[in-house]
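First the structure, in the form of C-alpha cells, and then the observations on it.
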Amino acid sequence: MDVRGRNFKFPKFKDIIIYEDQDLIAVNKPPFISSLDEREGGEVNILRMAKQYHTDAQICHRIDKETSGVLLIAKNPASYRSVSIEFEKRRVKKVYHAIIDGHHVFEDMKVDLPILNMGNRNVAIDRVNGKNAETWFKSLRYFKNYTLVECRPVTGRMHQIRIHLATQHASIVGDGLYKGKPVYLSHIKRGYILGKEQEELPIMKRFALHAKELQLNIHGKKYIIEAPYPKDFSTLLKQLERFNT
C-alpha cells in the first residue's frame, strides 16, 4: 500500500495495543488505517485486525482514518454494551491534541455550533437543521505561527473538532478540507535550500490531529488510557520547537 507517496507498512495488531484486560483492548491507532470497513471487501482496518487477535472483538467508537490515537475495542458483548452506553450518555472524557494554523489563545473556550451531516463524508455548520455539537479548546503550547491545542469534544459528530476549529479561523495544519495548510520545512527554517529538481514534501503528510486520552468507568472500574504521539506528530512538534519559536 502506498500512502501519500511513501510505502506504508501495516503494523502488527499486538504492537499497537496500549492496554488490555479481560473486557477491553485499547490501541494507539496509526494514521491512514480505518477504524471500520469503508467499503465492501475493502482494505485492512482495525476491526479486521482486532478480530484476528480476538474473535469477539467489537470497535466501540471510531476516529477519522487520518487521525491517530486511542481507540477502544470490546472483547465481549457485555463490555461493548457498557461502553456504548457511556458514549451515548456522554460520560466518556475524550481529549485530542491538534496543531493549528496561527497563534491562538484559547482558555477553556467552548464552541457549540450545530453540525449537519450532508452525506458522503461532508458536514456543515447549520444553526437550523444541524445537531447539537459542543467542543472545548485550550491552548497548550505556542509557536511563532502555530499553536498546539487540547480539544475536548462533549458530543461526537463527524469532523466535529476539525470544523469547530475552522470556524475560529484556526484550521488544523494539513487539513485541506477545512483550509488548513501543510507545514513545509522551507516555511519555518531560515536559509533552507531545496536540492535541484527535488520536490519538497510537507513535514506531516496528514492533518495534525491525535486522540490523546480517554477516561471512562465500566464494571465499577475507572479507565484512564493515554496514547503517545506517533512519529509524524512528534516530528512536526520537534521541528516547530527548533525553528518556529
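The values are calculated or read from the model by the stated rules, or taken from the named source; none is laboratory data. What you see is a predicted model; the values in this text were computed from it and never measured. Cβ coordinates were reconstructed from backbone atoms using ideal geometry, including for glycine residues, and neighbour counts include every protein chain displayed.
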Scanning the stretch 183-212 for residues that are part of a loop (DSSP other than H, G, I, E, B) and buried (at least 18 other Cβ atoms within 10 Å of the Cβ) gives VAL183, ILE203, MET204, ARG206, PHE207, ALA208
Out of all the residues in the stretch 56-77, is one or more without any contact (Cβ under 8 Å) to a residue 12 or more places away in the chain and either at positive phi or exposed (fewer than 14 other Cβ atoms within 10 Å of the Cβ) (or both)?
-> no
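Take the conditions free of Cβ contacts under 8 Å to residues at least 60 places away in the same chain and surrounded by 15 or more Cβ atoms within 10 Å (Cβ to Cβ) and apply them to VAL83. Does it pass?
Working: free of Cβ contacts under 8 Å to residues at least 60 places away in the same chain: no; surrounded by 15 or more Cβ atoms within 10 Å (Cβ to Cβ): yes.
So VAL83 fails the test.
Yes/no matrix, rows are residues, columns are (1) surrounded by 14 or more Cβ atoms within 10 Å (Cβ to Cβ); (2) among the β-branched types (Val, Ile, Thr):
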| residue | (1), (2) |
| --- | --- |
| PRO114 | yes, no |
| ASN129 | no, no |
| LYS144 | no, no |
| GLU150 | yes, no |
| MET158 | yes, no |
| LEU165 | yes, no |
| VAL173 | yes, yes |
| GLY176 | no, no |
Select from the stretch 96-131 the residues that are polar (S, T, N, Q) and in a loop (DSSP other than H, G, I, E, B) and write down the one among them that is farthest from TYR184 (Cα to Cα).
-> ASN129
All-but-one check, GLY119 against (1) of a type outside the set (S, T, N, Q); (2) within 22 Å of SER35 (Cα to Cα); (3) at pLDDT 95 or above, failing number (3)
